[in-house]
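Structure, as structure tokens:
No value in this document is a laboratory result; all are computed from the given coordinates. Small disclaimer: the values here were computed from a predicted structure and weren't measured. Please note: Cβ atoms are built from the backbone with ideal geometry, for glycine as well, and neighbour counts cover all protein chains shown.
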Amino acid sequence: MSERRIPVMIPMLGEEEAQAAADAVRSGWVAQGPRVARFEREFAATVGAGHGVAVSSCTTGLHLALVLLDVGPGDEVIVPSLSFIATANAVRYVGATPVFADVDLATGNVTVETVEAVRTGRTRAVVAVHQGGVPFDTAALRKATDGWGVGLVEDAACAAGSTAYGQPAGAGAAIAAWSFHPRKLITTGEGGMVTVDDAGWAARLRRLREHGMNVSAADRHASSQPVLEAYLETAYNYRMTDIQAAVGLVQLGRLAGLVAQRRALAARYHDLLAGIDGLVPVRDPAYGRTNYQSFWVLLNPEYATGRDEVLAELAARGVSARRGIMAAHLEPAYAGVPHGPLPVTERLTRDSLILPLHHALTGDDQDHIAGILRELGRR
Ligand SMILES: *Cc1c(COP(=O)(O)O)cnc(C)c1O
């Protein structure tokens with residue numbers, strides 16, 4: 001039995017990132033500046049979007065997306081409960097009401113049907129999540145929300161490197177928010193990006209993240225003439241620093257390789273876990289490919305051991321797994337919020353777990369993990 005601990009995730013950070021951060025510090029320009037601008041262009045190009053607006057996190061990006069869509073008190077916004085809690089919280093930040101939609105068992109994502117089931121005359125927007133990197137059905141949901149006349153914000157926190165219909169998951173999105181938290185594939189420590197196709201939306205987002213100023217601090221600094229800025233609306237300080245963007249630019253260069261490596265490791269998990277009764281690993285949906293940001297397995301009743309006991313056994317043998325995706329409606333912060341039936345959400349959050357998957361995971365580690373899961377499945 002291996003004595004080393006196997007973490008669930010490790011960010012891939014090398015000497016190049018350290019050098020890039022040091023270069024930014026030495027340049028004397030550490031707040032939002034030229035490196036942020038370059039990171040925005042290169043990230044938008046990578047995910048097939050028209051414009052990128054860097055922000056301090058995906059959470060603040062989701063907040064700005066809802067401000068941009070003019071969502072506010074009295075409006076309902078449909079979100080999956082099965083998501084990191086930031087998805088639902090962003091709706092509350094603008095004073096609107098989150099309405100929880102159930103998800104599809106295979107993808108963990110909302111569908112046209114689950115959204116339709118909770119849609120009302122007050123629905124102003126839907127925030128759909130590419131959960132754990134598994135893309136939702138972009139073609140179907142974009143078409144449906146267009147038809148209903150409601151906004152669609154894509155929570156792509158986990159989806160850098162995922163594809164849908166042969167394109168990057170965010171391509172063709174009216175608005176998508178991305179995360180660079182270390183739990184995701186590429187990281188800037190903390191950080192996020194909002195991508196949009198509309199140039200006017202990009203300009204408004206740039207204002208919203210920077211106190212509502214009509215000229216960015218970077219542009220003002222670069223100008224040889226005195227620039228008298230104006231504050232056009234009440235807004236926020238949600239900026240990314242140039243130190244973060246310097247790291248992000250290096251990370252972006254690693255993205256394709258990281259995705260390829262994760263998919264190879266996931267394929268090996270699929271081989272090792274095949275034939276374990278009652279254990280169902282996440283897979284690509286028919287219309288796209290996941291980056292396997294999270295490799296989760298669902299335990300069905302045929303599996304002999306309960307989820308929490310599996311987590312405890314894995315931990316006792318050096319494997320740091322995690323419970324499946326959380327469900328916001330089960331958390332104290334959302335206690336008492338009315339919602340319809342969420343049977344698939346409750347099943348996924350109760351009976352699934354996330355296995356370690358990262359660049360340093362070895363074949364031996366995977367054999368060790370699969371061996372434990374095989375043993376616990378039949379006792
Ligand atoms: C991680 C995550 C977020 C929050 O991202 P931050 O950059 O940490 O704010 C939001 N939504 C989903 C689905 C996430 O997985």
Report the net charge of residues surrounding V227, where surrounding means a beta-carbon distance below 10 angstrom and charges are Lys +1, Arg +1, Asp -1, Glu -1. -1
Between I10 and D198, 0.36 nm times their residue separation minus their Cα-Cα distance comes to what? 64.2 nm
On Cα atoms only, tilt of 58-68 relative to the major axis of the chain in degrees: 50
Have a look at region 1-114 and give its Rg and Dmax from the Cα atoms, expressed in angstrom. 19.3, 57
Which loop-located GluC sites (Glu not before Pro) does region 181-247 contain, where loop means any DSSP state but H, G, I, E or B and the Cβ has at most 15 other Cβ atoms within 10 Å? E229, E233
So how tilted is helix 138-148 from the main axis of the chain? Cα-based, degrees 0 to 90, rounded to 10. 60
The rounded separation in angstrom of the Cα centers of region 306-337 and region 342-375 is 12
Mean-square fluctuation check for the chain, GNM, Cα pairs under 10 Å: which of V79, V115, V134 is largest? V115
Take M326 and V215, extend 7 Å from each Cα along the Cα→Cβ direction, and tell me the distance between the two endpoints in nm. 4.3
Connecting every pair of Cα atoms under 10 Å apart in the chain and solving the GNM, the largest mean-square fluctuation among L69, L355, L185 falls on L69
Can you pull out the GluC sites (Glu not before Pro) in region 256-359 whose DSSP state is coil and whose Cβ has at most 13 other Cβ atoms within 10 Å? E302
When only DSSP loop residues count, what trypsin sites (Lys or Arg not before Pro) in region 85-190 have their Cβ near at most 13 other Cβ atoms within 10 Å? R122
Of the DSSP beta bridges with both residues in the chain, give the percent that are antiparallel, rounding to the nearest 5. 60
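Taking K and R as +1 and D and E as -1, what net charge do the other residues with C-beta under 14 Å from the C-beta of A169 add up to?
-1
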FRET efficiency, 1/(1 + (r/R0)^6) with R0 25 Å, evaluated for A230 and A31 via beta carbons: 0.80
So, for the Cα atoms of the chain, Rg and Dmax in Å stand at 21.2, 76
Quick one: compute a quarter of the convex hull surface over the Cα atoms of region 159-230 and quote it in nm². 6.4
